[in-house]
1. Using Stokes-Einstein with the Kirkwood hydrodynamic radius over Cα pairs, what translational diffusion coefficient do you get for the chain at 20 °C and a viscosity of 1.002 mPa s, in µm²/s rounded to a whole number?
2. Binned at 10 Å from 0, what are the whole-percent values of the Cα-Cα distance distribution for the stretch 1-44, short to long?
3. Of T59, T100, T42, which has the most accessible area with a 1.4 Å probe, and how do the rest follow in descending order?
4. Once you keep just the Cα pairs under 8 angstrom separated by 6 or more residues, what percentage relative contact order results for the chain?
5. So how much slack lies between M99 and R76, counting 0.36 nm per residue of separation and subtracting their Cα-Cα distance, in nm?
6. In square angstrom, rounded to the nearest 10, how much accessible surface does V31 have for a 1.4 Å probe?
7. Using θ = phi - 60° and the Karplus relation 6.51 cos²θ - 1.76 cosθ + 1.60, list the HN-Hα couplings for the stretch 28-39 in order, rounded to whole Hz, with x at every Gly or Pro.
8. Looking only at A52, A107, A68, which one moves most when the chain is put into a Gaussian network model with springs between Cα atoms under 10 Å?
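The values are calculated or read from the model by the stated rules, or taken from the named source; none is laboratory data. Given the structure is predicted, the values throughout are model-derived calculations rather than measurements. Cβ: placed from backbone, ideal geometry, glycine included. Neighbour counts: every protein chain shown. Please note that ligands, DNA and RNA were not included when accessible areas were found on the heavy atoms of the full protein model with its side chains. Shrake-Rupley method; radii C 1.70, N 1.55, O 1.52, S 1.80 Å.
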Amino acid sequence: AILLGLARDAMHDGRLVAPAGSNAFEFYLSVLQLEPTNRTATEALRESFARASEEIERTINRKELEEARREIDLLREFDSNNFTLALLGGKLSAARNIMTRQHEAEAERIRQANGGGRSTAHAASAQ
């Protein structure tokens, strides 16, 4: 009963999947670990799944990729074969690839800027 109350409070406060350790999904999943047939928890998770998925998509769009990974894993605990989660996982992977390419491009730009500076300094000292 305590966990259900915490879950309802979290839902009311808009803490559907975040923050970690104090959100409705985690509380409802804890209820199901203790009582796997609890209809209240099961129905609440099912009814809020679409909203939670939208929240995860916004997290990805904000480039909070580690948090998005945690949230996707949280929803997978409830429904591991959900197609929406597969799509979100693909979007997360694509966002990670884009960030990696951006970081690599920035590192290359810095290398070239530093390399260009070194070759100029080396040429100046040779004169």
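1. 125
2. Reading upward from the zero bin: 35, 57, 8.
3. The ordering from most to least exposed comes out as T100, T42, T59.
4. 17
5. 5.9 nm
6. The value for V31 is about 10 Å².
7. Using θ = phi - 60°, the values come out as 5, 5, 5, 4, 5, 5, 7, 9, x, 9, 5, 5 Hz.
8. Sorting by GNM fluctuation, first place goes to A107.
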